[in-house]
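Chemist: Right, I'll just put the structure down here and ask away after.
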Ligand code: PLP
């Protein structure tokens, strides 16, 4: 089996598995003051340090959550509530549903920021919106911009956008779920106020994540109770999950050079797919995550391709897979100007820490064979 769906969930790294088993064996609450509790606390704080270090932050600014979605929701609702709704969310039109839907449900006004054809947030559009900003009418501008898109891998101009928003007196929430462990991350260089992370995209377990927030950034809690996580996220922490998160974050940072190598393999695969299969590669003209390739041959439906690949033992996802497993047309590709036939034909391959050069070759072989069979059927 070739696994090429790391952007959905990366296989668990051995370091994470080991840390999780050790944490499960402690069997105590990190808030308890006795010996076993202190042992659990030590594990939790080690994980906090590992996650902070992966984004060049300090551990005190990390709030652990149950995953990326919760971290994004905490940031969006927490800011809107702390600002008592006197704000407008500027949400890029390619955000993950975790950001787009929480923005929609936050009660704040929302404006959509356009993207260019290459899949990057349009800084001209953002700067025009900010130039004409009427603070009495719109309140504080709060930009919601992901670091890298889950479908196309396109890396967003977060530092430039955040600096424009800061100059306008606003705040930036960044969903960096797809960035961790794939590209270097430094919160100071990004200049954002909130950064959301998820363990399972970096080789940690599902159900663990974190929100980093700049010291002093406004945020109201959404969950109330025992006062864990500086009272910003009550509830006993998922110790084993977070231990796995910390270990995966550390291991993936040590392994970043492997991801750089993936870019070369990905580029070679795309060169072949374009030459022999005449595909369109989405986001090709923009900086992209090194592991991701989203491509389409117009009219060759994504479901058919995913099934053909699966039968040949290759796990990929349709360019627009959603959590229900159904395929719907990708809003990301549509926002980039792709027509319906092309958007419905897109598939996403995403590789990672366990991928080999042969995985790329075999993926191209199988896909080209499936295309050839389809063309033969069409002309028969
Ligand atoms: N943001 C992006 C860009 C994602 O790709 C995902 C997961 O698919 C999420 C947020 C949600 O993260 P989680 O699955 O940890 O809730």
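The values are calculated or read from the model by the stated rules, or taken from the named source; none is laboratory data. Note that the structure is predicted; figures quoted are calculated from it, not measured. For neighbour counting, all protein chains shown are included, and Cβ atoms are generated from backbone atoms with ideal geometry for every residue, glycine included.
Chemist: Name the residues in segment 280-318 that are part of a loop (DSSP other than H, G, I, E, B) and surrounded by 24 or more Cβ atoms within 10 Å (Cβ to Cβ), would you?
Modeler: Within segment 280-318, 282, 283, 289, 291, 316 meet the criteria.
Chemist: I've got another one for you. Output the residues belonging to segment 259-273 that are touching a residue at least 60 places away in the same chain (Cβ under 8 Å) and surrounded by 16 or more Cβ atoms within 10 Å (Cβ to Cβ).
Modeler: If the condition is that a residue be touching a residue at least 60 places away in the same chain (Cβ under 8 Å) and surrounded by 16 or more Cβ atoms within 10 Å (Cβ to Cβ), then 259, 262, 265, 266, 269, 272, 273 are the ones that fit.
Chemist: Here's a follow-up. When residues of segment 92-111 are filtered for being surrounded by 20 or more Cβ atoms within 10 Å (Cβ to Cβ) and in a strand (DSSP E or B), how many remain?
Modeler: Of the residues in segment 92-111, 1 are surrounded by 20 or more Cβ atoms within 10 Å (Cβ to Cβ) and in a strand (DSSP E or B).
Chemist: Out of (1) within 14 Å of the ligand (Cβ to nearest atom); (2) under 16 Å from residue 228 (Cβ atoms); (3) without any contact (Cβ under 8 Å) to a residue 12 or more places away in the chain, what's the single condition that is false for residue 37?
Modeler: Checking residue 37 against (1) within 14 Å of the ligand (Cβ to nearest atom); (2) under 16 Å from residue 228 (Cβ atoms); (3) without any contact (Cβ under 8 Å) to a residue 12 or more places away in the chain, the one that fails is (1).
Chemist: Ok, one more. Is it true that residue 284 is over 22 Å from residue 203 (Cα atoms) and out of contact with any strand residue (DSSP E or B) (no Cβ under 6 Å at 6 or more places or on another chain)?
Modeler: yes
Chemist: I'd like the full set of residues that are within 15 Å of the ligand (Cβ to nearest atom), under 28 Å from residue 23 (Cα atoms) and part of a loop (DSSP other than H, G, I, E, B), limited to segment 184-213.
Modeler: 185, 202, 203, 204, 205, 206, 207, 208
Chemist: Something else about it: How many of the residues making up segment 132-150 are touching a strand residue (DSSP E or B) at 6+ places or on another chain (Cβ under 6 Å), part of a loop (DSSP other than H, G, I, E, B) and within 16 Å of the ligand (Cβ to nearest atom)?
Modeler: 3
Chemist: So in segment 148-165, with the set limited to residues that are farther than 19 Å from residue 334 by Cα and touching a residue at least 40 places away in the same chain (Cβ under 8 Å), which one is surrounded by the fewest Cβ atoms within 10 Å (Cβ to Cβ)?
Modeler: Among those that are farther than 19 Å from residue 334 by Cα and touching a residue at least 40 places away in the same chain (Cβ under 8 Å), it is 164.
Chemist: Going by the conditions given, is residue 97 within 15 Å of the ligand (Cβ to nearest atom) and at pLDDT 95 or above?
Modeler: Yes.
Chemist: Do the conditions hold for residue 67, that is, is it assigned by TED's automatic domain parsing to the domain that holds residue 178, touching a residue at least 24 places away in the same chain (Cβ under 8 Å), surrounded by 24 or more Cβ atoms within 10 Å (Cβ to Cβ) and within 30 Å of residue 309 (Cβ to Cβ)?
Modeler: For residue 67, the condition - assigned by TED's automatic domain parsing to the domain that holds residue 178, touching a residue at least 24 places away in the same chain (Cβ under 8 Å), surrounded by 24 or more Cβ atoms within 10 Å (Cβ to Cβ) and within 30 Å of residue 309 (Cβ to Cβ) - is met.
Chemist: Go through segment 166-183 and give me each residue that's assigned to a loop (DSSP other than H, G, I, E, B) and crowded, with 24+ Cβ neighbours inside 10 Å.
Modeler: Answer for segment 166-183, where residues must be assigned to a loop (DSSP other than H, G, I, E, B) and crowded, with 24+ Cβ neighbours inside 10 Å: 176, 177, 178, 179, 180, 181, 182.
Chemist: Sort out which residues of segment 58-94 are within 11 Å of the ligand (Cβ to nearest atom) and out of contact with any strand residue (DSSP E or B) (no Cβ under 7 Å at 6 or more places or on another chain), and write them in order of number.
Modeler: Hits for segment 58-94 are 69, 73.
Chemist: Further question on the same structure: Select, from 208, 176, the only residue that is modelled with pLDDT of 95 or more and touching a helix residue (DSSP H, G or I) at 6+ places or on another chain (Cβ under 7 Å).
Modeler: Unique residue meeting the criteria: 208.
Chemist: Which count do you get for residues in segment 155-173 that are in contact with a helix residue (DSSP H, G or I) (Cβ under 9 Å, 6 or more places away or on another chain) and within 15 Å of the ligand (Cβ to nearest atom)?
Modeler: Looking only at that region, the number is 2.
Chemist: Working carefully through the options 254, 208, find the one that is farther than 24 Å from residue 37 by Cα and either surrounded by fewer than 24 Cβ atoms within 10 Å (Cβ to Cβ) or not assigned by TED's automatic domain parsing to the domain that holds residue 289 (or both).
Modeler: Result of the check over 254, 208: 254.
Chemist: One residue is enough: does segment 223-234 have a residue meeting the conditions outside any loop (DSSP other than H, G, I, E, B) and within 13 Å of the ligand (Cβ to nearest atom)?
Modeler: no
Chemist: Which of the residues that make up segment 112-127 are part of a loop (DSSP other than H, G, I, E, B) and either surrounded by fewer than 16 Cβ atoms within 10 Å (Cβ to Cβ) or touching a helix residue (DSSP H, G or I) at 6+ places or on another chain (Cβ under 6 Å) (or both)?
Modeler: Matches in segment 112-127: 114, 117.
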